[in-house]
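Structure first, then comments.
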Amino acid sequence: MQRFLVVGLGSIGKRHVQNLRTLFPSAEITVLRHQWTAGMVVPSELGCDACVGNMEDALAKKPQAAIIANPASHHLLSAMPLAAAGVHLLVEKPLSIAPDGVDELLAVCKENHIILMVGYNLRFLKSLQQFRAFINEGLVGRVLSVRAEVGQYLPTWRPDADYRQGVSAQRRLGGGVLLELSHDIDYLLWLFGTVSSVTALLGQQGDLDIDVEDTAHLLLRFTSSRQQEEMVATLSMDFIRRDPRRQCKVIGSHGTLVWDGIAGTVTIYEPQQERWRELFSEQPDRNYTYLQELKHFIESVDTAQEAPISGWDGKAVLEVVTAARRSSELGESITVGS
């Protein structure tokens, strides 16, 4: 793997370029930016070897793998010609803004033996991995109920930029809490299996100047292979809370387990002792998760094995998002994939 393409050069695109350079110091890294014009000098601080302004010039560089890091509304437009040309793909989350067109991309990848991975890097947090292991070990018995929440005041995400101009704030670019915070839908699917139906309420509860939902409350019904009974999870997502929060609480038949993604901890309530006890603690390192994501992507390419976060996983998240939107519009529970 000596020729890479990064599509898009926002904050996440720059991170990917830097991480590629860290892992592959001698690789040729090309960046595709549509505002780039011929003759412009590539700034050395970008860390890439070349910039191009269109897909034709990008393909001429013969990349072996590409990272799609432009707005979600453009992911499929960028991914399809690359997959058709035999380029392996790591697509930033979400895979797209809707399931439409995803099956076509999956079919092209299958036909051309392309590795397609979706960038839900939260799965590489050590605290979340340990949380999942504790659940699978049955540490709190049978899972009875799950309560998850995630939120942070949108203007504080990138204090040096106008939040209203960012992807998160614009519907046409794939903004809104459902897509921007879809990490939390993905990890719930990873932990608990398939969602059969969604009941949701979306809205603009805050005073942000945006044209997308700033709040979403989801009731997810899981049909899991891990237990016979239907399991229900609630997920609250927002752009308006001033205290950043990412947490998942599992209420089990023998106790309660809590993952705190901000603190990097897993704690358990033991009813016999009537106390909480910390089981795991490690300060989260955001870039570590991106490096691990990239390493797993390259390993999947090298071994020709399906990526740990596959295109099918990305599609499953989009189906939950679509069901949530329909549920909020119609005021009723929606079967996922219907």
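So here's what we get for this one:
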item	result
All strands (runs of 3 or more DSSP E) inside region 227-338 with 2 or more residues being in the same structural domain as residue 115 (by TED's automatic domain parsing)	none
Residues of region 170-182 satisfying the condition of being crowded, with 21+ Cβ neighbours inside 10 Å and either touching a residue at least 60 places away in the same chain (Cβ under 8 Å) or among the charged types (D, E, K, R) (or both)	174, 177, 178, 179, 180, 182
Residues of region 117-169 that turn out to be over 21 Å from the mean Cα position of the chain (by Cα), surrounded by 19 or more Cβ atoms within 10 Å (Cβ to Cβ) and in a strand (DSSP E or B), as a count	1
Strands (runs of 3 or more DSSP E) (entirely within region 35-93) containing at least 3 residues that are among the hydrophobic types (A, V, I, L, M, F, W, C) and at pLDDT 95 or above	65-68, 88-92
Within region 10-35, considering residues that are closer than 19 Å to residue 286 by Cβ and of a type in the set (A, V, I, L, M, F, W, C), the one nearest to the chain's Cα centre (by Cα)	12
Residue list for region 215-226, filter: of a type in the set (D, E, K, R) and either part of a strand (DSSP E or B) or at pLDDT 95 or above (or both)	221
Residue that is nearest to residue 332 (Cα to Cα) [pool: residues in region 195-212 that are touching a helix residue (DSSP H, G or I) at 6+ places or on another chain (Cβ under 9 Å) and at pLDDT below 95]	212
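The values are calculated or read from the model by the stated rules, or taken from the named source; none is laboratory data. Keep in mind it's a predicted model, so treat the numbers as computed, not measured. Here the Cβ is made from the backbone with ideal geometry for all residues, glycine too, and neighbour counts use every protein chain on show.
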